[in-house]
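Read the structure below first, then the notes.
Each reported figure results from applying straightforward, stated rules to the coordinates on display, with no laboratory input. Just so we're clear, the structure is a prediction, and the values are computed from it rather than from any experiment. Cβ placement follows ideal geometry from the backbone for every residue including glycine, while neighbour counts extend to all protein chains displayed.
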Amino acid sequence: MSVDPAISPRSGHTSGLKIPGHLGVIMDGNGRWATARGKPRTEGHVAGVRALRRLVELCIRYGVAHLTVFSFSSENWSRPHEEISFIFALLRRFVATDLESLMSNNVKVRIIGLREGLDPSLCRLIDDVERRTADNTGLNLIVAFNYGGKADIVQATRQIAAEVAAGRLAPSAITEDTINRALYTSGIPDPDVIVRTSGEQRVSNFLLWQGAYAELIFVEENWPDFDENSFLRVLEAYSARDRRFGGVGTFKR
Ligand code: IPE
Ligand code: IPE
Ligand code: MG
């Protein structure tokens, strides 16, 4: 991964476009991409990792502060065992082979999701990449792995309930901020945009609480085909949205 400063957005490349502070991406359509080419689904996941590297570079160049990508959901355990093992091996390989370039690009990595049930050696790898990139100050790359929005709310509720049971927290003192701090995404601002590729129009249990006011953008291309043009079309669509947050907005009537 190399980032060319000559095409930084600060040189005017993205004039007029709003850059989201936090972009969430549901990277969907790897299997269909592969099937359409007569290849096994696993080839689609390999191509999906290439698209992820491309997106990380784009976010750095265009100045996105936080990027959260959905790479394996709590529901994806219902897939064939071989596909699951392949995806897990890909995560290991991504972490191992990309660590140096993530470091040289000042990327800070956080992996959110349930650690229980994951192989201890995978957990050590995840801890290691988080520790080694912890002081980086560039793009925050958040990988949702073994993640489910409902499961996130369950684990947060358990933490809060334990505080209440121990007498350290009154139920009436529970606020939205208490919940924000207990979620896996603690400290990370809510996503401004959630993009889903492959034409499906659903959130499939991604950032349910955090995405309450995210702009949803659905694009037709399968994830491995998501490139700079797709990214620019997302920025254009986002820039045209009128975010109202329950207010009256800026529509000119
Ligand atoms: C997204 O692509 C990757 C994961 C969910 C792990 P899919 O594997 O869901 O591809 P499709 O949706 O079957 O085409
Ligand atoms: C969502 O895609 C999860 C990820 C991209 C990791 P799925 O392919 O699992 O979602 P559904 O089953 O089509 O809703
Ligand atoms: Mg899918």
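If each Cα of the stretch 123-253 is one equal point scatterer, what is log10 of I(q)/I(0) from the Debye formula at q = 0.09, 0.11 Å⁻¹? Each listed q corresponds, in turn, to -0.39, -0.57. Over the chain, all Cα pairs binned in 10 Å intervals from 0 give whole-percent P(r) values of 6, 28, 36, 21, 7, 1, listed from short to long.
Sum -39500 (n - 2.57) across every DSSP H segment of at least 4 residues in the chain, then divide by the residue count to get the 222 nm mean residue ellipticity, nearest 500.
Numbers: 7 runs with 104 residues, N = 253.
Roughly -13500 deg cm²/dmol at 222 nm, from the helical runs in the chain.
What ranking, highest mean first, results for peptides 37-49, 162-174, 58-70 when packing means the other Cβ atoms within 10 Å averaged over each residue?
On the way: 37-49: 17.5, 162-174: 10.6, 58-70: 21.3.
Final packing ranking: 58-70, 37-49, 162-174.
Shown here is the pair-distance distribution of the stretch 187-253: with all Cα-Cα distances grouped in 10 Å bins from zero up to the longest one, the shares run 18, 45, 31, 6, 0 percent.
For the peptides 141-153, 79-91, 192-204, residues were scored by their other Cβ atoms within 10 Å and the scores averaged per peptide; the highest-first order is 141-153, 192-204, 79-91.
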